[in-house]
Amino acid sequence: MDMTVLLKRVPDLVEDLEVDDSGKALDEDSVSLKLNEFDDHALEEALLLKEGGGGTVTVIALDGEDVDKMLYTALAKGADRALKVMGGDPDGGNQALAGIFVAALDGHGGDLILTGVQAADDRDGQLAPRVGALLGRPCIEVVTEVNPGDGKVTVHKELAGGVVAEYEVDLPAVLGIQAARQTPRYAPVSRVRQIQESATIDTVTSAATEGAGFTVVAMTPPETGEGAQMLDGVDELVKVLDAKGVI
């Protein structure tokens, strides 16, 4: 089974995020980007499928800062081919991003296209279904397990309340991965450096596409309150509640 994994870099939420002078975007000079966590799980699931039943894994991402390192890391983990998209402008949100990826793949993408169920910088979960719609392929989101069959895959989809549904999907298809069957593997720095010296990243040009997207009117850091008041024992709690008229 030939698979393609769509990768995206997002701000590292572990770090403090600063708003730029326009008040409508993050300060690109201060923000650190990393592979979207859900995309990492999509890559891991694709690698597990390859190891279990054969096939190939292609990773694809838009050009940008440190994208080569991200793609080389994916190759170090076990991907067979890396593809960097030049010229794409995802300002139209995931609708535009889906069009860019589909055009770069020339309408193909193999038997299975996998991507993270959502990204940390938009949380709308629309990339997988929009790619599926453009290609005319079935799409299942919030997937937690994929089992290959003859010309189809059986997937587990997480529903509300901890309920899991099982779907049988004809190939080719698109999946939005919530979690891989195991924790995404780690690629040692030495292995990544080795791949950088021996492997190549293919490039393809894809024109920008229009999309509905959204417009940011203003962006501000969350307001900081006065902090918590630490209480020692029940007596202090009673005094505070009494002072506030609660008791």
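Coordinate-derived values only; no laboratory data. Everything numeric here is computed off the predicted structure, so don't read it as measured data. Neighbour counts run over all protein chains shown; Cβ positions are idealised from the backbone, glycine included.
Some values worked out for this structure:
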| read-out | value |
| --- | --- |
| Residues VAL19, VAL155, sorted so that the one with the fewest Cβ neighbours within 10 Å comes first | VAL19, VAL155 |
| More than 25 Å apart - percent of Cα-Cα pairs taken over the range 2-218 | 37 percent |
| Residue of GLY116, GLY162, GLY64 that the Gaussian network model of the chain assigns the largest fluctuation, springs spanning Cα pairs under 10 Å | GLY162 |
| Proxy reagent accessibility, fewest Cβ within 10 Å first, across TYR72, TYR186 | TYR186, TYR72 |
| Added length on full extension, which subtracts the Cα-Cα distance from 0.36 nm per residue, ASP80 to ALA120 | 11.8 nm |
| Phi to ³J(HN,Hα) by Karplus 6.51 cos²θ - 1.76 cosθ + 1.60 over the range 173-181, Hz, x for Gly, Pro | 8, 10, 10, x, 8, 7, 7, 6, 5 |
| Residue exposure sequence - LEU35, LEU6, LEU17, LEU237 - by fewest surrounding Cβ within 10 Å | LEU237, LEU17, LEU35, LEU6 |
| Net charge of Cβ neighbours under 11 Å - reference ASP202; Lys, Arg +1; Asp, Glu -1 | +2 |
| Theoretical gain in end-to-end length, ALA133 to ILE247 [0.36 nm per residue, Cα-Cα removed] | 35.1 nm |
